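Below: one structure, written as structure tokens.
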Amino acid sequence: MMKDYSDLIRMAIDQLHNSYAPYSRYHVAAALLTKDGRVYCGVNIENAAYTPTICAERTAVFKAVSEGEREFSAIAVVAGDGDFLESCDFHPEALPTYATPCGTCRQVLREFCDPKEFDVVLARSPEDYKVYKLEKLLPVSFGPEFLFK
Ligand code: THU
């Protein structure tokens with residue numbers, strides 16, 4: 001039986017309007033669930049110099065870790081383009097794509113999350129989503145346990 005992530009997805013969708021993406025117009029929001037049930041949201045924040053841009057997923061992870069969180073169970077990710085978001089007043093029925101985390105964000109998640117347990121939720125709406133274990137999205141991965149003690 002698949003877990004119900006509709007509430008987590010709603011929390012991500014509610015933050016999409018905070019995405020700062022004037023250059024790509026690809027607006028992303030993420031909602032990160034801790035093992036004890038708290039949620040930290042993040043959006044992508046772009047920069048005129050392009051390179052300093054940060055993804056929504058990493059914003060959420062860094063917000064949570066900087067508040068002392070270390071254990072996570074899932075992240076929901078949503079994305080919409082600028083025109084689409086404006087046309088539906090930031091409360092879309094269904095977003096145009098299943099947003100999928102970039103490689104850098106997958107590696108950042110890998111630092112704190114058990115790849116066999118952690119769920120990555122790619123959502124077009126609270127009812128329409130796909131769930132992948134982190135291990136599936138980042139196979140044969142490198143993590144903290146590889147470093148020599
Ligand atoms: N972006 C994210 O926020 N998350 C992803 O996983 C993919 C890419 C952002 C970065 C940039 O602001 C925009 O989407 C286009 O790449």
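The values are calculated or read from the model by the stated rules, or taken from the named source; none is laboratory data. The structure presented is a predicted model; accordingly, all values stated were derived computationally and were not measured. Using ideal geometry, Cβ is built from the backbone for each residue, glycine included, and neighbour counts are taken over all protein chains shown. Ligands, DNA and RNA are stripped out before the accessible areas are found, and what is left, the full protein with its side chains, is counted by its heavy atoms. Shrake-Rupley method; radii C 1.70, N 1.55, O 1.52, S 1.80 Å.
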(message) For the structure I just gave you, tell me whether Ala31 is within 14 Å of the ligand (Cβ to nearest atom), in contact (Cβ under 8 Å) with a residue 12 or more places away in the chain and under 16 Å from Val131 (Cβ atoms).
(response) yes
(message) Anything in the range 23-37 that is on the phi < 0 side of the Ramachandran plot and either touching a helix residue (DSSP H, G or I) at 6+ places or on another chain (Cβ under 8 Å) or aromatic (Phe, Trp, Tyr) (or both)? List them, or say none.
(response) Tyr23, Tyr26, His27, Val28, Ala29, Ala30, Ala31, Leu32, Leu33, Thr34
(message) For the structure I just gave you, tell me whether Glu46 is in contact with a Phe, Trp or Tyr (Cβ under 8 Å, 6 or more places away or on another chain), more than 11 Å from the ligand (Cβ to nearest atom) and either without any contact (Cβ under 8 Å) to a residue 12 or more places away in the chain or not hydroxyl-bearing (Ser, Thr, Tyr) (or both).
(response) no
(message) Let me confirm something: among Val77, Val121, which residue is within 11 Å of the ligand (Cβ to nearest atom), touching a residue at least 24 places away in the same chain (Cβ under 8 Å), open to solvent by less than 10 Å² (accessible area, probe 1.4 Å) and of a type in the set (A, V, I, L, M, F, W, C)?
(response) Val77
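The rows are residues; the columns are (1) closer than 24 Å to Lys136 by Cα; (2) at pLDDT 95 or above.
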| residue | (1), (2) |
| --- | --- |
| Leu32 | yes, yes |
| Lys35 | yes, yes |
| Cys41 | yes, yes |
| Ile45 | no, yes |
| Gly68 | no, yes |
| Val77 | yes, yes |
| Asp83 | no, no |
| Ser87 | no, no |
| Cys102 | yes, yes |
(message) I'm told Asp83 meets every condition in (1) touching a residue at least 40 places away in the same chain (Cβ under 8 Å); (2) under 15 Å from the mean Cα position of the chain (by Cα) except one. Can you identify the failing condition by its number?
(response) (2)
(message) Just the residues that are open to solvent by 30 Å² or more (accessible area, probe 1.4 Å) and within 12 Å of the chain's Cα centre (by Cα), please, taken from the range 31-53.
(response) Leu33, Val39, Tyr40
(request) Would you be able to say whether some residue in the range 58-73 is open to solvent by 70 Å² or more (accessible area, probe 1.4 Å), touching a residue at least 60 places away in the same chain (Cβ under 8 Å) and not β-branched (Val, Ile, Thr)? (result) no
(message) Here's a check for you: in the range 1-28, which residue that is away from the ligand (no atom under 11 Å from the Cβ) and among the hydroxyl-bearing types (Ser, Thr, Tyr) is nearest to Phe72 (Cα to Cα)?
(response) Tyr5
